[in-house]
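Each remark here refers to the structure printed beneath this line.
The values are calculated or read from the model by the stated rules, or taken from the named source; none is laboratory data. Keep in mind that what you see is a predicted model, and the values were worked out from it rather than measured. Virtual Cβ from ideal backbone geometry, glycine too; neighbours counted across all protein chains shown. In case anyone asks, the SASA skips ligands and DNA or RNA and just uses the protein heavy atoms, side chains included. Shrake-Rupley method; radii C 1.70, N 1.55, O 1.52, S 1.80 Å.
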Amino acid sequence: MATIIDGKAVAAKVRSEVASEVAKLSQAGKRIPCLAVILAGDNKASEVYVRNKKKDCAEVGFVSREIDFDNDVTESELLKTIAELNADDGVDGILCQLPLPKGIDENTVLRAIDPCKDVDAFHPYSAGLIMQGQPEFLPCTPAGIMRLLDEYAIDVIGKECVIIGRSNIVGKPMAQLLIARSATVTVCHTKTSDLAFHTKRADVIIAAAGKAGLVSGDMIKDGAVVIDVGMNRDANGALCGDCDYESCAQKASFITPVPGGVGPMTRAMLLINTMTAYNKH
Ligand code: NAD
């Protein structure tokens, strides 16, 4: 039976590390780090994410600012707000919660964020630095996964790592971080002809497809490390990942549960990035 990778516990550890840094700043009478979050539109899931981000900021002692817009916000209004936040010395990190309302070009908005305040690391400048192995900010989900691997002393050097998914947010940067750690990386996607061929030879599987039950125990080898990024709803409406937990846990050496695995780490790494932005600032 696999060891369960406890993302909740590691995320709590990260938060307490950040909180102690903030406490030191506060004792020294210094300015406190500030994260600004832009929420545009009335997406219920986004509202929950933003609420959680504010809760995390409050827990570690950060200042957080939320700037809300209705569904009918224009691109130029968003760009104006971002320009103001870029110029504001009291703001260390800027995050624009995705998805944006229809008609707004996500790339234009993300590119408007000052790369020095790009705590989501979605700006092409951040992505370019990651590709060159000199990151300033790491995208939160892949960074959280790397931290989980480190916490559980899972060495990826020379290992066959198979990533399912090639998004800019998870799959591609994940591949870059693993390459930088000297793993041998395969990236699978919707056009991959035989997914099981790849997963069966993987030492580490990172599933980020958003398809419940995509990876079953018969698709992995004994002792594989299974990192499940997926966030889906099963037939009963319960949160589940991309991997069939029961059958994969029988064969894996380590596995992340959903919920309680990668998700809490994504939130925790945003705090690390905000602290990094503050220290650079
Ligand atoms: P996305 O839709 O942008 O990308 C999904 C990727 O998976 C695509 O590249 C696609 O080619 C690939 N894919 C889809 N179906 C596939 C299949 N049957 N076989 C092989 N490849 C397939 O999604 P994303 O933003 O990268 O997120 C992926 C999943 O991870 C979603 O469930 C999302 O909710 C979740 N997610 C979780 C966290 C977290 O913190 N836990 C963070 C980000 C995303």
*Subset tally (residues that are more than 29 Å from residue 21 (Cα to Cα) and part of a helix (DSSP H, G or I)) for the range 50-80*: 6
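Table: residues versus (1) within 12 Å of residue 36 (Cα to Cα); (2) of a type outside the set (S, T, N, Q).
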| site | (1), (2) |
| --- | --- |
| 50 | yes, yes |
| 54 | yes, yes |
| 59 | no, yes |
| 62 | yes, yes |
| 76 | no, no |
| 79 | no, yes |
| 86 | yes, no |
*Considering (1) more than 25 Å from residue 131 (Cβ to Cβ); (2) in contact with a Ser or Thr (Cβ under 8 Å, 6 or more places away or on another chain), say which one residue 202 fails and leave the rest.*
(1)
_Residue, nearest to residue 107 (Cα to Cα), within the range 124-159, restricted to residues that are touching a Phe, Trp or Tyr at 6+ places or on another chain (Cβ under 9 Å) and of a type outside the set (A, V, I, L, M)_ = 126
*Within the range 67-75, can one find any residue that is closer than 30 Å to residue 30 by Cβ and either modelled with pLDDT of 95 or more or among the aliphatic types (A, V, I, L, M) (or both)?*
yes
*If we keep just the residues of the range 144-170 that are of a type in the set (Gly, Ala, Ser) and crowded, with 23+ Cβ neighbours inside 10 Å, which is nearest to the ligand (Cβ to nearest atom)?*
165
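Tally time: how many residues in the range 192-218 are away from the ligand (no atom under 15 Å from the Cβ) and closer than 20 Å to residue 152 by Cα?
2
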*asked:* Could you tell me how many of the residues in the range 219-232 are within 7 Å of the ligand (Cβ to nearest atom) and not β-branched (Val, Ile, Thr)?
replied: 3
_Selection from the range 103-124 of residues that are part of a loop (DSSP other than H, G, I, E, B), over 16 Å from residue 277 (Cβ atoms) and β-branched (Val, Ile, Thr)_ = 104
*What are the residues in the range 23-52 that are more than 22 Å from the chain's Cα centre (by Cα) and open to solvent by less than 50 Å² (accessible area, probe 1.4 Å), if any?*
23, 25, 32
*State all residues of the range 177-191 that are out of contact with any strand residue (DSSP E or B) (no Cβ under 9 Å at 6 or more places or on another chain) and within 15 Å of the ligand (Cβ to nearest atom); if no residue qualifies, say none.*
177, 190, 191
*asked:* For the range 125-132, check the following and say yes or no: at least one residue is within 19 Å of residue 82 (Cα to Cα) and either more than 16 Å from the ligand (Cβ to nearest atom) or in contact with a helix residue (DSSP H, G or I) (Cβ under 9 Å, 6 or more places away or on another chain) (or both).
replied: yes
*Considering residues of the range 234-281 that are more than 13 Å from the ligand (Cβ to nearest atom), among the polar types (S, T, N, Q) and open to solvent by less than 20 Å² (accessible area, probe 1.4 Å) only, the residue nearest to residue 136 (Cα to Cα)*: 273
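Take residue 140 and tell me if it is at pLDDT 95 or above, over 17 Å from residue 266 (Cβ atoms) and in contact with a Leu (Cβ under 6 Å, 6 or more places away or on another chain).
Criteria not met by residue 140.
Condition check: in a loop (DSSP other than H, G, I, E, B), closer than 30 Å to residue 16 by Cβ and not small (Gly, Ala, Ser). Does residue 258 satisfy that?
Answer is yes for this residue.
In the range 91-102, is there at least one residue being surrounded by fewer than 16 Cβ atoms within 10 Å (Cβ to Cβ) and within 23 Å of residue 174 (Cβ to Cβ)?
For the range 91-102, residues surrounded by fewer than 16 Cβ atoms within 10 Å (Cβ to Cβ) and within 23 Å of residue 174 (Cβ to Cβ): present.
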